[in-house]
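Peer 1: One structure is given below, represented as structure tokens, and several questions about it will come after.
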Amino acid sequence: MQLCAIATEILPLNQFLKRRQPPSWIFSEVKYEVNSDIRPTRSVRKAIFSLRLWRPRYQRRHATRLFKRDQELSRTRPLCTGESGLSVVCVNSRSIGNKAATLCRIITESNVDVMVITETWHEGSQSSALKRLILPGYHCVDAARPILAGAAVNSVEFQNHGGLAIVYRSAVRFLKKDIGVKVPSFEYVCGRGSTRDGQFMLLGVYRPGSQAINAVFFQELSMVFERLSDYSCPVVLCGDFNVHVDDSSSLHAARFADLLQSAGYVQHVNSATHTAGHTLDLVITRSDTDVTGVRVGDFISDHAVVHFTVQVKRPTDEPQLLTRSEWRNLTKTSSRRT
């Protein structure tokens, strides 16, 4: 009776009743008729829903939103495939206030998935300069430098130096995380990202060059490495460390290299990233992380843009050989370990 009512009030379903798989024109015609002013009776609507020929309004709206999102994502390349990887950019902007257009152009032209920005000079998450960085299809997490009490924030000359931001594509699920380490010697923003291929930890770092390098910096960086060792996914640290790793005669550079080696990390940038000719903007990962395409691009401030690609893959467990014996054959001798 329900199928007859559908055939009478909406469209002829004779062919639908004769064949198990309905032809494609049925669904298009159903959509056309239901969108019209005809309102089927309750029994007919229940039959339609039971046959999955139509969906309630809230489901249709949700499907429309998903369709528009998929259309937007389809205009870009697939993310994190085995061949392409995750496209990451790291740059010291030295104020995003007058470089939002430049940074957006880099994101668009280089098809960037994640951009780590140091020295943003913004005051908070609601900063207008920060919002200008967020293109359609992108999101942002940030860590502004805390403003000292009594600062003249309403003054025209006020500038909140430091600060970091991570701009990421919406197809990358990224959650800001607190690793539970307070480090006065440098600033950082940390988050855990996930793609369809796996997860990764990303830590943006900025160590002010106005502060001298001392033992506290190395101790605090070592603490960060210890906390990051809890994660089995790829771990990436990038940003402006203000350590002259290119200077072989520098004691700080030698100690920095020893710390990376002892923690099992590798530094990948080998070209100058500062106008003074030093390598200050670094890309640091675990030794087993696959990083390719590391290159130093154009200068947008006194620092250059660093491009690289990270392969994000799900961890695979190594097979283990297990030896089992039946309980009835178990003896005191056979149970001993040799």
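Peer 1: For all pairs of alpha-carbon atoms in the stretch 84-128, what percent lies in each bin of width 5 Å, listed from the first bin to the last filled one?
Peer 2: 5, 21, 29, 24, 14, 5, 2, 0
Peer 1: Now a separate question. Evaluate the distance, in nm, between pseudo-label points positioned 7 Å from the Cα of Ser194 and of Thr275 along their respective Cα→Cβ axes.
Peer 2: Result for the modelled spin labels: 4.4 nm.
Peer 1: Turning to a different aspect of this structure: Once you list every other residue whose beta carbon is under 12 Å from the beta carbon of Met201, what net charge do they have if Lys and Arg are +1 and Asp and Glu are -1?
Peer 2: Surrounding charge for Met201 is +4.
Peer 1: Mind running the shape call on the stretch 86-310? Use the C-alpha gyration tensor, a ≥ b ≥ c as the square roots of the eigenvalues: rounded below 1.5 for a/c, prolate if a/b tops b/c, oblate otherwise. Don't skip to the end; give the middle numbers.
Peer 2: Values: a/c = 1.35, a/b = 1.12, b/c = 1.20.
Judged from the Cα gyration tensor, the stretch 86-310 comes out rounded (a/c under 1.5).
Peer 1: Restrict the search to the stretch 148-249; then list the chymotrypsin sites (Phe, Trp or Tyr not before Pro) that DSSP places in a loop and that have at most 12 other Cβ atoms within 10 Å of their Cβ.
Peer 2: On the way: sites: Phe158, Tyr168, Phe174, Phe186, Tyr188, Phe200, Tyr206, Phe217, Phe218, Phe225, Tyr231, Phe241; in loops: Phe158, Phe186, Tyr231, Phe241.
Qualifying residues, ordered by number: Phe158.
We did not get these values from a lab; they are worked out from the coordinates using the rules stated. Everything numeric in this text was worked out from a predicted model, so none of it was measured. Note: ideal-geometry Cβ built from the backbone for every residue, glycine included; neighbour counts use all protein chains shown.
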